[in-house]
Amino acid sequence: MIEISDSAEALLFDKANYFEKKERYPRLVITERSCRGAMFRLFFMPKEAGDEAFDAGRKKIYVAPNVVSEFDGFTISLERFFFARRFLISPKRQSYACDCDAKCNNNK
């Protein structure tokens, strides 16, 4: 359900090892639903009750219930953001939330 590139898996492994000492784990979170589609980020935070765990290479990523099935899974790679690397999370099926038809025609 979660596909991860080799470079993203290596970064996830290093970060997860650091944050696990503080009882914080990689958690995929929906940060926005808009006309552009749903946006996701990977935060290192305590697990929440009911989270589902998915394999991402050598580590697990925690996700709120039903998020992975709603978006048919995710691919995770890296992108360069200014001078830093960050996770680029793409759902396999996008979901749009528009507040009016004048903005976009992506309501499904």
Taking segment 14-35 and keeping only residues that are without any contact (Cβ under 8 Å) to a residue 60 or more places away in the chain, under 21 Å from SER90 (Cβ atoms) and exposed (fewer than 14 other Cβ atoms within 10 Å of the Cβ), one is left with THR31, GLU32
Restricting attention to segment 68-85, which residues are among the hydrophobic types (A, V, I, L, M, F, W, C), under 16 Å from ILE4 (Cβ atoms) and free of Cβ contacts under 8 Å to residues at least 60 places away in the same chain?
-> PHE71
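Each row is one residue, and each column tells you yes or no for (1) at pLDDT 95 or above; (2) within 16 Å of the chain's Cα centre (by Cα); (3) in a strand (DSSP E or B).
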{"site": "GLU9", "(1), (2), (3)": "yes, yes, no"}
{"site": "ASP14", "(1), (2), (3)": "yes, no, no"}
{"site": "PHE19", "(1), (2), (3)": "yes, no, no"}
{"site": "LEU28", "(1), (2), (3)": "yes, yes, yes"}
{"site": "THR31", "(1), (2), (3)": "no, yes, yes"}
{"site": "PHE44", "(1), (2), (3)": "yes, yes, yes"}
{"site": "LYS47", "(1), (2), (3)": "no, yes, no"}
Of the residues ARG93, ARG85, ARG80, which single one is closer than 16 Å to GLU9 by Cα, out of contact with any Lys or Arg (no Cβ under 9 Å at 6 or more places or on another chain) and either exposed (fewer than 15 other Cβ atoms within 10 Å of the Cβ) or at pLDDT below 90 (or both)?
-> ARG85
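The values are calculated or read from the model by the stated rules, or taken from the named source; none is laboratory data. In this text, all values refer to a predicted model and were calculated from it rather than measured experimentally. Note: ideal-geometry Cβ built from the backbone for every residue, glycine included; neighbour counts use all protein chains shown.
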